Amino acid sequence: MLENSLLIGNIIALIGALFMVAIGLVKNKRNILIMQNIQFFIMGIGNLILGGVSGFVANIVSIIRNFFCLKKELTVFWKVFFVIVQIVVSAYFMSIRGFKLQELLPILGTVLYTWKLDEKDMVKLKIVLIICQIMWLTYDISLRNVSGAVFDVLTIVTNALGIIRIRKDVQDTPVAEMDV
């Protein structure tokens, strides 16, 4: 049964991971949020099957936060609200299933991303995504989520390439066209 769950969880995580990698190449924040919702749902199911409850909770809270962000501005009040929801719901499930250090990684990654989600500078936002993805990489390795871990690495790389592309676009822009 454990091996079947491992295989099924990894297959589902692979499907979600395909969305995750594509997000690294997207420049528009609205499209990032929409694609993330699909990815979060699929990856959350994969996490749950693999025994990663805090990963599932982090993904569900992220979906709710992203739907909110598509309709309203993420003010400091709402950031604090979503951070508290993330921490309280995660703490509840960790109290039931038992505390494991690696279960903090999705929580920390989601809290960091929530706090920086309204970042206007796409380079800074992609740096935050890379940091969060490193947390998820460590978490996925702990769950034996091989497909998730491989794609975590690929997402880190695509976001790094996205940063290079954005910086190259800025360097190639004539000074007269830049907002100075």
Check your understanding: Do the conditions hold for L74, that is, is it surrounded by fewer than 22 Cβ atoms within 10 Å (Cβ to Cβ), touching a Gly at 6+ places or on another chain (Cβ under 7 Å) and outside any helix (DSSP H, G or I)?
Key -> no
**Study point:** Single residue of region 36-55 satisfying the filter (assigned to a helix (DSSP H, G or I) and farther than 20 Å from I134 by Cβ) that is farthest from the chain's Cα centre (by Cα)
**Key:** I49
Exercise for review: Could you figure out which of (1) outside any loop (DSSP other than H, G, I, E, B); (2) crowded, with 17+ Cβ neighbours inside 10 Å; (3) of a type in the set (A, V, I, L, M) isn't true of I87?
Suggested key: (2)
Check your understanding: Mind checking whether some residue in region 41-55 is surrounded by fewer than 17 Cβ atoms within 10 Å (Cβ to Cβ), at pLDDT 90 or above, among the β-branched types (V, I, T) and over 17 Å from L137 (Cβ atoms)?
Key -> no
Practice item. Output the number of the condition that R167 fails; it satisfies all remaining conditions of (1) over 12 Å from the mean Cα position of the chain (by Cα); (2) part of a helix (DSSP H, G or I); (3) surrounded by 15 or more Cβ atoms within 10 Å (Cβ to Cβ). Key: (3)
Check your understanding: List, please: which pairs have Cβ atoms under 6 Å, are six or more places apart or on different chains, and start with a residue in region 80-104 that is within 14 Å of R65 (Cα to Cα) and end with one that is buried (at least 16 other Cβ atoms within 10 Å of the Cβ) and of a type outside the set (V, I, T)?
Key -> F82/R65
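The values are calculated or read from the model by the stated rules, or taken from the named source; none is laboratory data. Because the structure is a prediction, the values reported are computed rather than measured. We place every Cβ from the backbone using ideal geometry, glycine too, and count neighbours over all the protein chains shown.
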